[in-house]
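K.L.:
Attaching a single structure in structure tokens format; questions to follow.
The values are calculated or read from the model by the stated rules, or taken from the named source; none is laboratory data. Note that this is a predicted model, so its numbers are computed, not measured. Here Cβ is always computed from backbone atoms with ideal geometry, including for glycine, and neighbour counts include all displayed protein chains.
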Amino acid sequence: MLLQRVMFLPLLSPWSRQTTRNVIARFPAVQLAHFRSNSSVANVKERTLIAVKPDGVQRRLVGQIIRRFERRGFKLVGLKMLQVSEELLSQHYCQLTQKPFYSSLVDYMTSGPVVAMVWEGHNVVQSSRVMVGPTNPAAAPAGTVRGDFSLHVSRNVVHASDSLEGAQREIELWFQGKDLVKWDCWDQTLTCEK
Ligand code: UDP
Ligand code: MG
């Protein structure tokens with residue numbers, strides 16, 4: 001009876017979403033049922049690596065970048081700030097080590113701390129590339145991170161994995177499994193089809 005009532009709470013006007021949360025928090029049986037229903041949401045396990053580069057950290061853009069991914073509906077499952085080593089960079093950018101700009105890229109990426117994140121959600125790899133914009137900010141449309149916050153290809157504020165395989169490789173490079181948090185977003189059924 002209680003469970004039925006709680007399930008229909010969102011339809012009852014005097015009950016706010018906060019009231020629903022309070023009831024769920026107070027009754028463990030309801031809490032279990034709630035998480036069980038969320039776990040049936042399909043196709044939300046895709047993950048990508050997003051990193052705010054040293055220019056983005058220095059310019060205090062971390063919060064604004066996180067905000068864009070939260071607002072879109074993606075779920076943050078890993079977050080850390082670090083001074084990147086040349087060793088990590090050479091693995092991360094293994095396809096670029098022969099490029100003429102590689103040594104300046106290393107200088108740039110090691111010039112200060114980086115904030116690395118793992119975001120999860122439907123189609124997150126492709127969607128986040130669109131949100132970040134093209135590599136060269138001169139070609140990045142307004143509304144993208146690079147289009148809004150940067151001018152030059154050598155200072156383009158943020159990294160985003162460019163493929164599913166690349167994302168998996170980069171996440172394993174930057175994070176240990178134990179540092180990634182498995183959790184259920186309460187609004188998951190609102191942002192994704194069941
Ligand atoms: N880069 C650069 N000069 C270039 C091309 C790339 O400094 O002519 C830097 C830039 O910071 C870029 C990074 O190298 O983000 C990695 O290049 P990639 O082609 O992988 O671009 P991304 O995937 O970051 O868009
Ligand atoms: Mg790339």
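K.L.:
Mind listing whichever residues of segment 150-166 are over 22 Å from Pro137 (Cβ atoms) and in contact with a strand residue (DSSP E or B) (Cβ under 9 Å, 6 or more places away or on another chain)?
P.N.:
Listed by number, the list holds a single entry, Leu164.
K.L.:
In segment 73-101, how many residues are within 16 Å of ligand 2 (Cβ to nearest atom), part of a helix (DSSP H, G or I) and in contact with a Ser or Thr (Cβ under 9 Å, 6 or more places away or on another chain)?
P.N.:
Matching residues across segment 73-101 total 2.
K.L.:
Let me ask something additional. Which of the residues belonging to segment 65-111 are surrounded by fewer than 15 Cβ atoms within 10 Å (Cβ to Cβ), within 20 Å of the chain's Cα centre (by Cα) and either within 16 Å of ligand 1 (Cβ to nearest atom) or touching a residue at least 24 places away in the same chain (Cβ under 8 Å) (or both)?
P.N.:
If the condition is that a residue be surrounded by fewer than 15 Cβ atoms within 10 Å (Cβ to Cβ), within 20 Å of the chain's Cα centre (by Cα) and either within 16 Å of ligand 1 (Cβ to nearest atom) or touching a residue at least 24 places away in the same chain (Cβ under 8 Å) (or both), then Arg72, Lys80, Met81, Leu82, Gln83 are the ones that fit.
K.L.:
Here is a follow-up. Kindly evaluate Asn156 against the criterion of being surrounded by 12 or more Cβ atoms within 10 Å (Cβ to Cβ) and within 16 Å of Arg59 (Cβ to Cβ).
P.N.:
Yes, satisfied.
K.L.:
Checking Ala116 against (1) on the phi > 0 side of the Ramachandran plot; (2) surrounded by 14 or more Cβ atoms within 10 Å (Cβ to Cβ), which single condition isn't satisfied?
P.N.:
All conditions pass for Ala116, except number (1).
K.L.:
Determine which single condition Val23 fails, assuming it passes every other condition in (1) out of contact with any Asp or Glu (no Cβ under 8 Å at 6 or more places or on another chain); (2) modelled with pLDDT of 95 or more.
P.N.:
Of everything listed in (1) out of contact with any Asp or Glu (no Cβ under 8 Å at 6 or more places or on another chain); (2) modelled with pLDDT of 95 or more, Val23 misses just condition (2).
K.L.:
Can you find a residue that is more than 10 Å from ligand 1 (Cβ to nearest atom), modelled with pLDDT of 95 or more, polar (S, T, N, Q) and closer than 27 Å to Lys45 by Cβ anywhere in segment 139-146?
P.N.:
Looking through segment 139-146, at least one residue is more than 10 Å from ligand 1 (Cβ to nearest atom), modelled with pLDDT of 95 or more, polar (S, T, N, Q) and closer than 27 Å to Lys45 by Cβ.
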